[in-house]
Amino acid sequence: MALIREGAIVPDTWQNIADDQELDCTQRAIITLARWQSAGDDLRTTNRALGIRLRGDQHPAAIVADLGRFDLVALEFAKFTDGRAFSHARTLRERYGFTGELRAVGEVLRDQLLFMLRCGFDSFEVADSSAATFAATTPKISVFYQATGDGRVPVRALRNTRA
Amino acid sequence: MTKVVTANRLADGAIVYLAGSDTWSTRLDEAAVAADEATAAALLAAAERAVAACQVVAAYAFPVAVADGRPVPIDQRERVRAAGPSVASDFRD
Amino acid sequence: MYRYDAFDQTLVDERVEQFRDQVARRLSGALSEDQFRPLRLLNGLYLQLHAYMLRVAIPYGTLSSRQLRTLAHIARTFDRGYGHFTTRQNIQFNWVRLDQAADILAALASVEMHAIQTSGNTIRNVTADHLAGVAADEIEDPRIYAEIIRQWSTLHPEFSFLPRKFKIAVTGAARDRTALKVHDIGIQVVRDAAGEAGFSVLVGGGQGRTPMIGHVIRPFLPKADLLAYLEAILRVYNEFGRRDNLYKARIKILVQTLGPAAFTAMVEEQWQALRGPALALPDEELARIAAHFAPPTYARLPAASAALAAARAEPVFERWCRHNLLPHKQPGYAIATISLKPEGGVPGDATAAQLEALADLAERWSLDEVRVSHEQNLVLPHVRQDDVPALWRELRAHGLATPNAGLITDIIACPGLDYCNLANARSIPIAQQIQRRFANRERQEEIGAIKIKISGCINACGHHHVGHIGILGVDKKGAEFYQITLGGDGSERAALGEITGRAFAAAEVVDAIDTIIDTYLGARRHGEAFIDTYRRVGMVPFKEALYGAH
């Protein structure tokens, strides 16, 4: 897999750690919600870098109290047509105030890149074979009717500026 | 059961029937008729190659009867596909 | 009507080029059909039984003459010379090519139209009362809010991959002409006790396999909160609607499963979190949009036209006036229904020549405006009563003066198995048979107001659940059969039809309809419409007449 950030293929400093895999303290580990929920105080209190991966059926409300503990949240698109992660991303960014890395994983297609950016994702895990085209993808749409938390100025604000 | 393989042409959507291992026809009476499952499977495999090659989409086999040496669809859906909409079209431009 | 500004125009133009690129990638094989399908559906492009079909949005059912001419041009240039108006204020072209689809979208964009989100699991074209702005029973023009919702929902980054499709209707009147209560969200402009206008919000209605009447989850929503509240509903649905079963994925199932009270609590909680400047509708923006829907400049005319009254001495014209003219809120004007249900025609179809003729007539006699109704008819909303006789003569010349609005031959029918990939049975030929059986105009008038609605499969695009008489095509071992329901109603008195009993073979349907009508005529009290008789006497006499008394 390749990681894309800001239109470039970048090295991934994180590791996905399966539930049956040992955690060693040097890793920048992305763990599952199940592991986090069964974790003891050692994992909760050490200040090692930690990321968490949520499936579409795992609402970020489950980690809202612990959000400060995570440097990265990975939201999984089991299928690209499963749009729950779009809502979860906005909830994390705009309601819970998460400022760490928000990574799209699973079936991540370039035709959804703009929607993902607008919902607050800032890194994208894609197959090696599509990494170059994904990184080179530039949004084809420049007009936004919705105000989301990504900072792009929505049309209504632009209209008001003009008037 | 006797079968014919059909699909829609990718670029224009036209209904086509597999007429040979790599030829498609818009005419049902030119379709290759599979009299047994093995032949039908071979036709479907050829159709899937055409799907992979972006010539056609949505390929599948459907049952036909054979009358006067020509395939005749059994289901209403395939009758409509073969003959076009059954509704009056005399007002069309 | 609403005119695009530079932002609106840029968006549709960019969308055309985005889709052109996606089509090119599909044709080259860079996109698989599985990857491409959702992208083409979000641009209204289906692969149907015979060819690709493009569904074009007619937001809130309003068209200018220029737009109508472009639709005619598309029908001629890229299709087979006709288009089909649907039950959701769209027009469909049945024979388009994938490699020309972007060119069609470009033609649409040139007249401020698009096909964005006319399909796919997203917020679909927002519909509104086709008598918006001209109906006397209206509090406010619903198109103002429909346009605001159109913009908010267009390419919404969060809600483009919902569990299932999502339909919103808006009305500003007490009489419901939008089938509001069978929409995922129905919005009605209402006044609170202080006389302030706001919205009643209804959620969880729908047709399809599991028809349901929606629940009012908020009786009064202040205008400024419209988008925050919609966003809250959609977020709850996107997060919690079922994705494991296609047939249980609509919001109505979520509302039913949670219960309306629990669902409402989740929406209200989300709404409180979302309320804020980003989604609030400021007065200036409301005023900017509302200005586009300001009433046109009407002439000052006497309430009733002497010329029209005199012309109505001609019986054929009088008959058309009786059924196809509606009162206008402006004195001296009338609303004309253009029936797209000629005897033996295809309900909702219009040829390129007819679309062009209507464009001319609208320009000349209806202040350049045409409306599309969810009943698959067109409307000229602003006709001077003095001009009605001349208008009628022109309509007649183009085969557009069928005097049957609201009568038994004014049938809604989905495309059915003649065109649709999902259908189990044909719809159009059944409509045509009924039209022929009841072709006699005196008989139609004697039967009076009645709505027959036909769907070719359980998806219910032909609204059969809410037809006074509903007909549903089913497949029985490869043969077409039809289930009949009675007592459905898509109006403010919404009700779902009840199944009469076993389904009828295609050849038996018209006789069954005849039996139902005879039973009604025998049972009705003076002046009573079919639906009122049915409500009074119930299913039993109809069942006995259809199946015998046992």
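Here are the numbers for this structure:
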quantity: Segments B:53-59, C:314-320 sorted - mean Cβ within 10 Å per residue, highest first; calculated: B:53-59, C:314-320
quantity: Unit charges on C-beta of K, R, D, E only; dipole of segment A:2-137, Debye; calculated: 480 debye
quantity: Exercise: per-residue mean of other protein chain Cβ atoms within 10 Å, A:130-143; calculated: 3
quantity: Sorted by Cβ neighbour density within 10 Å, fewest at the top, the residues C:156, C:50; calculated: C:50, C:156
quantity: Chain A - percent relative contact order, Cα under 8 Å, separation 6 or more; calculated: 22 percent
quantity: Global geometry of chain B, whether rounded, prolate or oblate, following the gyration tensor of its Cα atoms and the 1.5 cut on a/c; calculated: oblate
quantity: Kyte-Doolittle mean at least 1.0 and Cα axial length at least 18 Å: DSSP H helices in chain C; calculated: C:509-523
quantity: Cα gyration tensor, chain A - rounded (a/c under 1.5), prolate or oblate; calculated: prolate
quantity: Peptide C:44-52 - average C-beta neighbours from other chains (10 Å radius); calculated: 4
quantity: Isolated Cys residues of the protein assembly as shown, judged by Cβ distance under 4.7 Å to other cysteines; calculated: A:25, A:119, B:54, C:321, C:420, C:457
quantity: DSSP-assigned coil residues among GluC sites (Glu not before Pro) in segment A:1-89, each with at most 14 further Cβ atoms within 10 Å; calculated: A:6, A:22
quantity: Over segment C:95-178, relative contact order from alpha-carbon pairs under 8 Å, at least 6 apart, %; calculated: 37 percent
quantity: Rounded to whole Hz, the Karplus (6.51, -1.76, 1.60) HN-Hα couplings of segment A:10-17, x for glycine and proline; calculated: 10, x, 9, 8, 9, 10, 6, 10
quantity: Relative packing of C:184-192, C:477-485, A:40-48, C:455-463, which averages over residues the other C-beta atoms within 10 Å, highest first; calculated: C:455-463, C:184-192, C:477-485, A:40-48
quantity: Separation in nanometres of the label points that stand 7 Å from Cα toward Cβ, at residue C:316 and residue A:99; calculated: 7.8 nm
quantity: Rel. contact order, % - alpha carbon contacts under 8 angstrom, at least six apart, chain C; calculated: 13 percent
quantity: Rounded to the nearest 20 debye, dipole of the protein assembly as shown from Cβ charges on Lys, Arg, Asp, Glu; calculated: 920 debye
quantity: Shielding by partners, peptide A:108-117 (average Cβ within 10 angstrom, other chains); calculated: 3
quantity: Calculated [θ] (222 nm, deg cm²/dmol) that DSSP helices of n ≥ 4 give over chain C, each run adding -39,500 (n - 2.57); calculated: -11000 deg cm²/dmol
quantity: Segment C:1-59 versus segment C:176-236: alpha-carbon centroid distance in Å; calculated: 29 Å
quantity: The protein assembly as shown - Rg over Rh from alpha carbon coordinates, Kirkwood radius; calculated: 0.99
quantity: Using alpha-carbon coordinates, inclination of helix B:37-52 to the longest axis of chain B, degrees; calculated: 70 degrees
quantity: For segment C:306-397, fraction of C-alpha pairs farther apart than 22 Å, in %; calculated: 23 percent
quantity: Local electrostatic count, residue C:501, Cβ distance below 11 Å [Lys/Arg +1, Asp/Glu -1]; calculated: 0
quantity: Phi-based couplings in Hz for segment C:170-184 (Karplus 6.51, -1.76, 1.60; Gly and Pro marked x); calculated: 10, 9, x, 10, 6, 6, 9, 10, 10, 6, 3, 7, 10, 10, 4
quantity: Fewest-first ranking of C:229, C:419, using other Cβ atoms within 10 Å as the exposure measure; calculated: C:229, C:419
quantity: Net dipole in debye of segment C:1-150 [+1 Lys, Arg Cβ; -1 Asp, Glu Cβ; about Cα centre; nearest 20]; calculated: 600 debye
quantity: Dipole of segment C:134-184, positive direction: furthest Cα of C:146, C:159, C:170, with charges on the beta-carbon; calculated: C:159
quantity: Cβ-based net charge around residue C:227, under 13 Å, with every Lys or Arg adding one and every Asp or Glu removing one; calculated: 0
quantity: Given charges at Cβ of Lys, Arg, Asp, Glu: the protein assembly as shown dipole, positive-most of C:327, C:455, C:134; calculated: C:327
quantity: Counted charge near residue C:87, where neighbours are those whose Cβ lies closer than 11 Å (Asp, Glu -1; Lys, Arg +1); calculated: +2
quantity: Selection of trypsin sites (Lys or Arg not before Pro), segment B:5-93, meeting DSSP coil and at most 16 other Cβ within 10 Å; calculated: B:27, B:92
quantity: Three-way shape label, chain C, alpha-carbon gyration tensor, a/c 1.5; calculated: rounded
quantity: Proxy reagent accessibility, fewest Cβ within 10 Å first, across B:70, C:69, A:156; calculated: B:70, C:69, A:156
quantity: Modelled label reach - residue A:1, point 7 Å along Cα→Cβ, segment A:100-144 residues with backbone N closer than 11 Å; calculated: A:103-108, A:124-128
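Each reported figure results from applying straightforward, stated rules to the coordinates on display, with no laboratory input. Just so it is clear, the structure is predicted and the values come from calculations on it, not from any experiment. Please note: Cβ atoms are built from the backbone with ideal geometry, for glycine as well, and neighbour counts cover all protein chains shown.
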